[in-house]
Amino acid sequence: MPAYPIEVVNLGRPEKIITDNIINELNALQQDIVFSNPPEHLKHWGVPFERENYTTQYVWEKLREYKMSSKGFHPYILAIVHGKLSSENLSNLFASRSEEESFAVVTTDGWEELYAPPSLEVYLMYYFIRYTISFICPEIKNHVDTRNCFFDKKIHKPDIKLSIKSGRICDSCKSALEKWIDGHTYNSILKLIHHLNDRVNNHNIHRVKRHNAFVGSSSEGLKIAEYIQIGLEDTVDTTIWSQDIFALSKGNLENLANAVKKFEYAILVLTPDDLSYKRGSMEKVPRDNVLFELGLFMGALGRDRTFMVYCKDERINLPTDLAGITAATYKRRDDGNLSAAIGPVCTKLKQVMGVY
(Lines give C-alpha, C1' and ligand atoms only; values in the text may rest on other atoms or scores of the structure.)
Protein backbone atom coordinates (compact mmCIF):
# COMPACT_ATOMS: atom_id res chain seq x y z
CA MET A 1 0.00 0.00 0.00
CA PRO A 2 1.35 3.50 -0.82
CA ALA A 3 2.47 5.68 2.05
CA TYR A 4 -0.18 8.29 1.24
CA PRO A 5 -3.32 7.19 -0.68
CA ILE A 6 -5.45 10.19 -1.77
CA GLU A 7 -8.96 9.39 -2.99
CA VAL A 8 -10.75 11.86 -5.30
CA VAL A 9 -14.57 11.93 -5.05
CA ASN A 10 -17.00 14.02 -7.11
CA LEU A 11 -20.19 15.34 -5.56
CA GLY A 12 -22.47 16.04 -8.50
CA ARG A 13 -21.69 15.66 -12.18
CA PRO A 14 -18.43 13.82 -12.68
CA GLU A 15 -15.24 15.51 -13.87
CA LYS A 16 -13.74 12.05 -14.12
CA ILE A 17 -12.06 12.56 -17.48
CA ILE A 18 -10.18 15.57 -16.14
CA THR A 19 -9.36 13.90 -12.84
CA ASP A 20 -8.22 10.76 -14.66
CA ASN A 21 -5.68 12.84 -16.56
CA ILE A 22 -4.42 14.48 -13.36
CA ILE A 23 -4.26 11.19 -11.48
CA ASN A 24 -2.32 9.51 -14.28
CA GLU A 25 0.13 12.41 -14.59
CA LEU A 26 0.88 12.73 -10.87
CA ASN A 27 1.08 8.99 -10.24
CA ALA A 28 3.53 8.58 -13.12
CA LEU A 29 5.96 11.00 -11.44
CA GLN A 30 6.41 9.14 -8.16
CA GLN A 31 5.14 6.24 -6.05
CA ASP A 32 4.90 7.56 -2.49
CA ILE A 33 1.62 9.43 -3.01
CA VAL A 34 -1.03 7.56 -5.00
CA PHE A 35 -4.15 9.33 -6.22
CA SER A 36 -7.21 7.28 -7.15
CA ASN A 37 -10.88 7.45 -8.11
CA PRO A 38 -13.58 5.64 -6.10
CA PRO A 39 -13.91 1.89 -6.63
CA GLU A 40 -16.00 0.77 -9.61
CA HIS A 41 -19.18 0.06 -7.63
CA LEU A 42 -19.14 3.65 -6.29
CA LYS A 43 -18.15 5.28 -9.56
CA HIS A 44 -21.35 7.38 -9.74
CA TRP A 45 -22.01 7.58 -6.00
CA GLY A 46 -21.81 11.38 -5.90
CA VAL A 47 -24.05 12.17 -8.91
CA PRO A 48 -27.27 12.65 -6.84
CA PHE A 49 -25.58 15.34 -4.73
CA GLU A 50 -25.45 17.97 -7.50
CA ARG A 51 -26.24 21.39 -5.96
CA GLU A 52 -25.94 25.07 -6.80
CA ASN A 53 -24.65 25.78 -3.29
CA TYR A 54 -22.62 23.65 -0.90
CA THR A 55 -21.58 24.16 2.70
CA THR A 56 -18.46 22.51 4.04
CA GLN A 57 -20.62 20.86 6.71
CA TYR A 58 -22.73 19.23 3.98
CA VAL A 59 -19.62 18.02 2.15
CA TRP A 60 -18.08 16.51 5.29
CA GLU A 61 -21.38 14.76 6.04
CA LYS A 62 -21.48 13.23 2.55
CA LEU A 63 -17.85 12.13 2.76
CA ARG A 64 -18.59 10.36 6.05
CA GLU A 65 -21.43 8.56 4.26
CA TYR A 66 -19.04 7.70 1.45
CA LYS A 67 -16.56 6.14 3.87
CA MET A 68 -19.36 4.07 5.38
CA SER A 69 -20.56 2.95 1.92
CA SER A 70 -17.15 2.08 0.55
CA LYS A 71 -15.68 0.61 3.75
CA GLY A 72 -11.99 -0.24 3.52
CA PHE A 73 -9.13 2.17 4.25
CA HIS A 74 -9.71 5.81 3.22
CA PRO A 75 -7.30 8.01 5.16
CA TYR A 76 -7.41 11.06 2.84
CA ILE A 77 -10.34 12.15 0.66
CA LEU A 78 -10.51 15.16 -1.66
CA ALA A 79 -14.01 16.11 -2.86
CA ILE A 80 -14.71 18.09 -6.02
CA VAL A 81 -17.95 20.10 -6.24
CA HIS A 82 -19.29 22.41 -8.94
CA GLY A 83 -21.48 24.89 -7.08
CA LYS A 84 -20.75 27.80 -4.75
CA LEU A 85 -18.97 26.76 -1.56
CA SER A 86 -19.31 28.33 1.90
CA SER A 87 -18.67 27.55 5.56
CA GLU A 88 -20.12 28.79 8.86
CA ASN A 89 -17.76 31.77 8.87
CA LEU A 90 -16.90 32.36 5.21
CA SER A 91 -18.90 32.70 2.01
CA ASN A 92 -17.77 32.11 -1.56
CA LEU A 93 -14.89 29.79 -0.73
CA PHE A 94 -12.76 28.17 -3.43
CA ALA A 95 -11.58 25.30 -1.19
CA SER A 96 -11.51 24.11 2.40
CA ARG A 97 -10.13 21.36 4.62
CA SER A 98 -11.43 19.53 7.67
CA GLU A 99 -8.49 19.21 10.05
CA GLU A 100 -10.31 16.67 12.20
CA GLU A 101 -11.17 14.15 9.49
CA SER A 102 -8.55 14.50 6.70
CA PHE A 103 -11.20 15.71 4.25
CA ALA A 104 -10.78 18.52 1.74
CA VAL A 105 -13.04 20.06 -0.88
CA VAL A 106 -12.47 22.28 -3.91
CA THR A 107 -15.08 23.86 -6.17
CA THR A 108 -14.83 24.43 -9.92
CA ASP A 109 -17.49 27.15 -9.73
CA GLY A 110 -16.43 30.18 -11.77
CA TRP A 111 -12.85 29.01 -12.18
CA GLU A 112 -12.56 30.26 -15.77
CA GLU A 113 -13.63 33.83 -14.93
CA LEU A 114 -11.79 34.15 -11.63
CA TYR A 115 -8.62 32.11 -11.89
CA ALA A 116 -7.92 31.70 -15.61
CA PRO A 117 -4.85 29.46 -15.33
CA PRO A 118 -3.91 27.50 -18.47
CA SER A 119 -6.69 24.94 -17.89
CA LEU A 120 -9.12 23.43 -15.42
CA GLU A 121 -6.66 20.55 -15.09
CA VAL A 122 -3.96 22.91 -13.84
CA TYR A 123 -6.34 24.54 -11.37
CA LEU A 124 -7.41 21.19 -9.93
CA MET A 125 -3.86 19.83 -10.02
CA TYR A 126 -2.79 22.70 -7.77
CA TYR A 127 -5.36 21.65 -5.18
CA PHE A 128 -4.48 17.97 -5.50
CA ILE A 129 -0.90 18.86 -4.56
CA ARG A 130 -1.71 21.59 -2.06
CA TYR A 131 -4.06 19.40 -0.01
CA THR A 132 -1.74 16.41 -0.24
CA ILE A 133 0.82 18.55 1.57
CA SER A 134 -1.80 19.64 4.12
CA PHE A 135 -2.89 16.05 4.74
CA ILE A 136 0.69 14.94 5.29
CA CYS A 137 1.73 17.94 7.36
CA PRO A 138 -1.25 19.60 9.13
CA GLU A 139 1.23 21.97 10.78
CA ILE A 140 1.53 23.97 7.53
CA LYS A 141 -0.99 26.81 7.45
CA ASN A 142 -1.70 29.68 5.05
CA HIS A 143 0.73 32.59 5.51
CA VAL A 144 -0.66 36.01 6.31
CA ASP A 145 2.41 37.53 4.66
CA THR A 146 3.21 36.87 0.99
CA ARG A 147 6.20 34.56 0.42
CA ASN A 148 5.62 33.48 -3.20
CA CYS A 149 4.51 30.10 -1.86
CA PHE A 150 1.71 27.58 -2.37
CA PHE A 151 0.42 28.56 1.07
CA ASP A 152 0.25 32.33 0.72
CA LYS A 153 -3.10 33.47 2.12
CA LYS A 154 -5.67 34.31 -0.57
CA ILE A 155 -7.98 37.20 0.23
CA HIS A 156 -9.60 37.30 -3.20
CA LYS A 157 -10.28 34.34 -5.47
CA PRO A 158 -8.10 35.58 -8.37
CA ASP A 159 -5.13 35.49 -5.96
CA ILE A 160 -5.10 31.74 -6.49
CA LYS A 161 -3.25 32.43 -9.75
CA LEU A 162 -0.26 33.73 -7.80
CA SER A 163 0.07 30.54 -5.75
CA ILE A 164 -0.40 28.35 -8.81
CA LYS A 165 2.30 30.24 -10.69
CA SER A 166 4.71 30.33 -7.73
CA GLY A 167 5.60 26.68 -8.30
CA ARG A 168 7.22 26.40 -4.88
CA ILE A 169 6.81 26.20 -1.13
CA CYS A 170 8.72 28.58 1.09
CA ASP A 171 11.61 27.62 3.41
CA SER A 172 9.35 27.66 6.46
CA CYS A 173 6.94 25.18 4.84
CA LYS A 174 9.85 23.01 3.69
CA SER A 175 11.24 22.85 7.23
CA ALA A 176 7.86 21.85 8.64
CA LEU A 177 7.39 19.21 5.94
CA GLU A 178 10.83 17.67 6.49
CA LYS A 179 9.89 16.98 10.13
CA TRP A 180 6.91 14.85 9.11
CA ILE A 181 8.20 12.73 6.22
CA ASP A 182 11.31 10.93 5.01
CA GLY A 183 13.58 12.28 2.31
CA HIS A 184 12.13 10.04 -0.41
CA THR A 185 8.56 11.25 0.13
CA TYR A 186 9.81 14.83 0.40
CA ASN A 187 11.42 14.49 -3.03
CA SER A 188 8.18 13.05 -4.40
CA ILE A 189 6.31 16.16 -3.27
CA LEU A 190 8.91 18.39 -4.90
CA LYS A 191 8.44 16.44 -8.15
CA LEU A 192 4.71 17.14 -8.04
CA ILE A 193 5.27 20.85 -7.42
CA HIS A 194 7.85 21.12 -10.20
CA HIS A 195 5.54 19.30 -12.59
CA LEU A 196 2.74 21.76 -11.88
CA ASN A 197 5.17 24.62 -12.46
CA ASP A 198 6.10 23.09 -15.83
CA ARG A 199 2.43 22.75 -16.75
CA VAL A 200 1.80 26.40 -15.92
CA ASN A 201 4.78 27.77 -17.81
CA ASN A 202 4.80 25.33 -20.73
CA HIS A 203 1.27 23.97 -20.78
CA ASN A 204 1.25 23.45 -24.53
CA ILE A 205 4.46 21.41 -24.38
CA HIS A 206 3.26 19.23 -21.52
CA ARG A 207 -0.28 18.68 -22.76
CA VAL A 208 -1.30 15.09 -23.22
CA LYS A 209 -1.68 13.90 -26.82
CA ARG A 210 -4.80 15.04 -28.68
CA HIS A 211 -7.91 13.09 -27.79
CA ASN A 212 -10.11 11.56 -30.46
CA ALA A 213 -13.90 11.34 -30.52
CA PHE A 214 -16.64 9.75 -32.58
CA VAL A 215 -19.57 12.03 -33.44
CA GLY A 216 -22.83 10.24 -34.22
CA SER A 217 -26.18 11.59 -35.38
CA SER A 218 -29.10 10.90 -37.68
CA SER A 219 -29.04 12.28 -41.21
CA GLU A 220 -31.25 15.11 -39.93
CA GLY A 221 -28.75 15.93 -37.19
CA LEU A 222 -25.69 15.81 -39.44
CA LYS A 223 -25.37 19.61 -39.70
CA ILE A 224 -25.15 19.84 -35.89
CA ALA A 225 -22.48 17.11 -35.86
CA GLU A 226 -20.50 19.07 -38.46
CA TYR A 227 -20.62 22.25 -36.36
CA ILE A 228 -19.41 20.26 -33.34
CA GLN A 229 -16.49 18.97 -35.39
CA ILE A 230 -15.59 22.53 -36.42
CA GLY A 231 -15.86 23.75 -32.81
CA LEU A 232 -13.50 21.03 -31.52
CA GLU A 233 -11.01 20.95 -34.39
CA ASP A 234 -8.29 22.90 -32.54
CA THR A 235 -8.15 20.48 -29.61
CA VAL A 236 -9.81 17.15 -30.43
CA ASP A 237 -9.58 14.86 -33.46
CA THR A 238 -13.23 14.13 -34.28
CA THR A 239 -14.69 11.76 -36.87
CA ILE A 240 -18.33 11.97 -37.90
CA TRP A 241 -20.26 8.78 -38.69
CA SER A 242 -20.46 9.85 -42.34
CA GLN A 243 -16.68 10.15 -42.73
CA ASP A 244 -15.56 6.66 -43.81
CA ILE A 245 -16.54 4.92 -40.57
CA PHE A 246 -18.63 2.32 -42.34
CA ALA A 247 -16.64 -0.02 -44.59
CA LEU A 248 -18.63 -1.24 -47.60
CA SER A 249 -17.54 -4.84 -47.12
CA LYS A 250 -18.86 -5.07 -43.53
CA GLY A 251 -22.23 -4.77 -41.81
CA ASN A 252 -23.18 -1.73 -39.73
CA LEU A 253 -22.93 -3.60 -36.42
CA GLU A 254 -19.44 -4.87 -37.26
CA ASN A 255 -18.41 -1.38 -38.36
CA LEU A 256 -19.66 0.09 -35.09
CA ALA A 257 -17.93 -2.59 -33.02
CA ASN A 258 -14.65 -1.72 -34.76
CA ALA A 259 -15.26 2.03 -34.32
CA VAL A 260 -15.69 1.65 -30.55
CA LYS A 261 -12.11 0.34 -30.30
CA LYS A 262 -10.64 3.38 -32.09
CA PHE A 263 -12.09 6.25 -30.05
CA GLU A 264 -11.55 7.61 -26.54
CA TYR A 265 -14.85 9.53 -26.49
CA ALA A 266 -18.22 9.49 -28.21
CA ILE A 267 -20.59 12.41 -28.84
CA LEU A 268 -24.12 11.53 -29.94
CA VAL A 269 -26.44 14.21 -31.33
CA LEU A 270 -30.05 13.48 -30.41
CA THR A 271 -32.72 15.04 -32.62
CA PRO A 272 -36.50 14.41 -32.55
CA ASP A 273 -36.69 12.52 -35.84
CA ASP A 274 -39.18 9.75 -35.05
CA LEU A 275 -42.55 9.38 -33.35
CA SER A 276 -43.31 6.82 -30.65
CA TYR A 277 -46.72 5.89 -29.24
CA LYS A 278 -46.30 5.77 -25.46
CA ARG A 279 -48.87 5.79 -22.66
CA GLY A 280 -51.67 6.88 -24.92
CA SER A 281 -49.87 9.71 -26.71
CA MET A 282 -47.44 10.29 -29.56
CA GLU A 283 -44.00 11.56 -28.52
CA LYS A 284 -41.00 12.74 -30.49
CA VAL A 285 -37.95 10.52 -29.95
CA PRO A 286 -34.43 10.17 -31.36
CA ARG A 287 -33.80 7.72 -34.17
CA ASP A 288 -33.39 4.13 -32.90
CA ASN A 289 -29.96 3.66 -34.46
CA VAL A 290 -28.60 6.77 -32.71
CA LEU A 291 -29.86 5.51 -29.33
CA PHE A 292 -28.29 2.15 -30.12
CA GLU A 293 -24.94 3.81 -30.84
CA LEU A 294 -25.25 5.81 -27.61
CA GLY A 295 -25.76 2.61 -25.63
CA LEU A 296 -22.97 0.82 -27.47
CA PHE A 297 -20.40 3.52 -26.75
CA MET A 298 -21.66 3.98 -23.19
CA GLY A 299 -21.10 0.28 -22.54
CA ALA A 300 -17.65 0.29 -24.13
CA LEU A 301 -16.25 3.66 -23.02
CA GLY A 302 -18.31 4.32 -19.89
CA ARG A 303 -20.76 7.08 -19.03
CA ASP A 304 -17.90 9.50 -18.33
CA ARG A 305 -16.59 9.34 -21.90
CA THR A 306 -19.93 9.29 -23.71
CA PHE A 307 -21.79 12.56 -24.24
CA MET A 308 -25.17 13.46 -25.69
CA VAL A 309 -26.09 16.74 -27.37
CA TYR A 310 -29.62 18.00 -27.92
CA CYS A 311 -31.63 21.20 -28.27
CA LYS A 312 -33.43 22.41 -25.14
CA ASP A 313 -36.09 24.11 -27.26
CA GLU A 314 -37.26 20.89 -28.91
CA ARG A 315 -39.50 18.42 -27.11
CA ILE A 316 -37.69 15.11 -27.19
CA ASN A 317 -38.44 12.07 -25.07
CA LEU A 318 -35.26 10.38 -23.81
CA PRO A 319 -34.91 6.99 -22.09
CA THR A 320 -34.74 7.33 -18.30
CA ASP A 321 -31.65 5.11 -18.08
CA LEU A 322 -29.54 7.84 -19.72
CA ALA A 323 -29.13 9.50 -16.29
CA GLY A 324 -25.47 10.06 -15.49
CA ILE A 325 -24.39 10.75 -19.07
CA THR A 326 -23.02 14.25 -19.59
CA ALA A 327 -25.54 16.28 -21.58
CA ALA A 328 -24.41 19.35 -23.52
CA THR A 329 -27.54 21.26 -24.52
CA TYR A 330 -28.05 24.32 -26.67
CA LYS A 331 -30.84 26.78 -27.46
CA ARG A 332 -31.87 27.91 -30.91
CA ARG A 333 -31.15 31.57 -31.64
CA ASP A 334 -33.61 34.08 -33.02
CA ASP A 335 -31.17 34.88 -35.84
CA GLY A 336 -30.95 31.20 -36.82
CA ASN A 337 -27.17 31.09 -36.33
CA LEU A 338 -26.70 27.38 -35.57
CA SER A 339 -22.90 27.67 -35.48
CA ALA A 340 -23.09 30.25 -32.67
CA ALA A 341 -25.72 28.19 -30.84
CA ILE A 342 -23.43 25.14 -30.85
CA GLY A 343 -20.45 27.17 -29.51
CA PRO A 344 -21.27 26.67 -25.79
CA VAL A 345 -21.75 22.94 -26.44
CA CYS A 346 -18.18 22.70 -27.74
CA THR A 347 -16.87 24.69 -24.77
CA LYS A 348 -18.54 22.32 -22.31
CA LEU A 349 -17.22 19.26 -24.16
CA LYS A 350 -13.68 20.70 -24.06
CA GLN A 351 -13.99 21.37 -20.32
CA VAL A 352 -15.15 17.84 -19.57
CA MET A 353 -12.38 16.37 -21.75
CA GLY A 354 -9.83 18.57 -19.97
CA VAL A 355 -8.66 20.41 -23.09
CA TYR A 356 -10.27 23.81 -22.49
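The values are calculated or read from the model by the stated rules, or taken from the named source; none is laboratory data. Here the structure is a predicted model, which means the values were calculated and not measured. Here Cβ is always computed from backbone atoms with ideal geometry, including for glycine, and neighbour counts include all displayed protein chains.
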Reported set for the range 287-322 where residues are in a loop (DSSP other than H, G, I, E, B), out of contact with any strand residue (DSSP E or B) (no Cβ under 7 Å at 6 or more places or on another chain) and closer than 20 Å to Leu253 by Cα is Gly302
Selection over the range 274-296 where residues are surrounded by fewer than 18 Cβ atoms within 10 Å (Cβ to Cβ) and under 34 Å from the mean Cα position of the chain (by Cα) yields a count of 7
For the range 94-126, the count of residues that are modelled with pLDDT of 90 or more and either out of contact with any helix residue (DSSP H, G or I) (no Cβ under 9 Å at 6 or more places or on another chain) or part of a strand (DSSP E or B) (or both) equals 9
Gly167 passes all but one of the listed conditions (1) at negative phi; (2) surrounded by 13 or more Cβ atoms within 10 Å (Cβ to Cβ); the exception is number (1)
In the range 299-324, anything β-branched (Val, Ile, Thr) and either out of contact with any Leu (no Cβ under 8 Å at 6 or more places or on another chain) or not assigned by the TED database to the domain that holds Ser281 (or both) is listed as Thr320
Expected single match for outside any helix (DSSP H, G or I), of a type in the set (Val, Ile, Thr), under 27 Å from His156 (Cα atoms) and out of contact with any Lys or Arg (no Cβ under 6 Å at 6 or more places or on another chain) among Ile6, Ile22, Ile77, Ile18 is Ile77
Among Tyr58, Tyr76, Tyr66, the single one that is among the hydroxyl-bearing types (Ser, Thr, Tyr), in contact with a strand residue (DSSP E or B) (Cβ under 8 Å, 6 or more places away or on another chain) and more than 21 Å from Arg130 (Cα to Cα) is Tyr66
For the range 148-155, state whether one or more residues are assigned by the TED database to the domain that holds Lys43, of a type in the set (Val, Ile, Thr) and over 18 Å from Glu7 (Cα atoms). yes
Tyr54: passes all of (1) touching a helix residue (DSSP H, G or I) at 6+ places or on another chain (Cβ under 7 Å); (2) more than 17 Å from Gly354 (Cβ to Cβ) but (1)
